[in-house]
1. Could you work out how much longer the chain between residue 124 and residue 110 gets when fully extended? Use 0.36 nm per residue separation minus the Cα distance between them, nm to one decimal.
2. Using a cut-off of 12 Å between beta-carbons, work out the net charge of the residues near residue 155 (Lys and Arg +1, Asp and Glu -1, residue 155 not included).
3. In whole Hz and in residue order, list the ³J(HN,Hα) couplings for region 207-214 that follow from phi through the Karplus curve 6.51 cos²θ - 1.76 cosθ + 1.60, θ = phi - 60°; x for Gly and Pro.
4. Count the net charge of all other residues whose Cβ sits under 13 Å from the Cβ of residue 206, scoring Lys and Arg as +1 and Asp and Glu as -1.
5. Work the Kirkwood hydrodynamic radius out for region 92-131: mean of 1/r over every pair of different alpha-carbon atoms, inverted, in Å.
6. Quick one: length gained pulling residue 16 to residue 60 fully straight, 0.36 nm per residue minus the C-alpha distance?
7. Over the Cα atoms of region 53-163, what is the Rg over Rh ratio if Rh follows Kirkwood?
8. Report the full-extension gain for the segment residue 185 to residue 206: residue separation times 0.36 nm, less the Cα-Cα distance, to one decimal in nm.
Amino acid sequence: MGEKTKYLEELMQEKDERSKNIISAAKELFDDVGIINAKMSKIAKRAKVGEVTVYRYFKNKMELATAVANSYWNETTEIFEENYTPKIIMAKNGLAKIKLFLEVFIMFYEDRKPFLKYMHDYDIYMKNNNVTDKKILFDDNIVDAKNAFIQILKEGQIDGSIKLEIDPLKQYSFVSEVMAGTTTKLALRYGYLPSESDFSPVEVITKTIDMFINYIKN
């Protein structure tokens with residue numbers, strides 16, 4: 001390896017580490033005060049870099065907020081692939097795979113509350129800024145999950161475990177709205193339901209999954 005090549009690689013590694021450091025600092029501050037109230041100067045202070053350096057890597061807070069969203073999603077994807085993907089592959093049919101796929105929402109509630117809270121704040125922040133450009137919106141990064149869900153549901157229709165009349169795309173829309181919405185609301189309540197409820201948050205999520213499974217089951 002030539003000296004010039006080695007220098008360039010070290011420089012790129014340094015830039016990557018600095019970018020990760022800024023994202024980590026932003027993640028902490030966003031969690032403490034929310035995206036709307038966070039100042040780029042405060043993020044720079046937490047990252048122990050100059051504010052100019054932050055803007056060198058991220059042109060504005062919206063771009064940095066999106067980088068944090070991607071960081072959260074990448075962490076969650078790694079957990080899913082390690083703990084759920086092998087089980088889904090080995091499941092006996094499409095229906096069983098869909099059930100395992102949906103059980104990730106239990107993991108979200110139990111272990112990924114900061115992720116749910118942040119994505120809720122991020123969605124509000126983007127809407128408040130009237131962001132509609134799909135190249136900017138974080139939504140583009142969940143396309144793989146959407147495609148996987150639809151593919152598994154179609155697999156269940158082929159193997160006979162899921163009703164043929166079910167529209168995969170509509171069911172994905174239903175699941176993404178209802179399951180994500182329910183789990184997020186429970187997480188934002190810090191895990192406590194009103195005292196008159198007979199069900200724990202995990203039981204609520206589990207029962208919602210069971211209702212969906214019974215609806216699509218052939």
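Read-outs throughout are calculated quantities, based only on the coordinates presented, and are distinct from any laboratory measurement. This one's a predicted model, so the numbers in the text were calculated from it and none came from an experiment. Here Cβ is always computed from backbone atoms with ideal geometry, including for glycine, and neighbour counts include all displayed protein chains.
1. Extra length available between residue 124 and residue 110 comes to 2.7 nm.
2. Overall, the nearby charge balance is +2.
3. Coupling constants for region 207-214: 5, 5, 4, 4, 5, 5, 4, 5 Hz.
4. So the environment of residue 206 carries a net charge of -2.
5. With all distinct Cα pairs of region 92-131 included, I get 12.0 Å.
6. Working: separation 44, 0.36 × 44 = 15.84 nm, distance 1.80 nm.
Difference between extended and current length: 14.0 nm.
7. 1.07
8. Difference between extended and current length: 6.1 nm.
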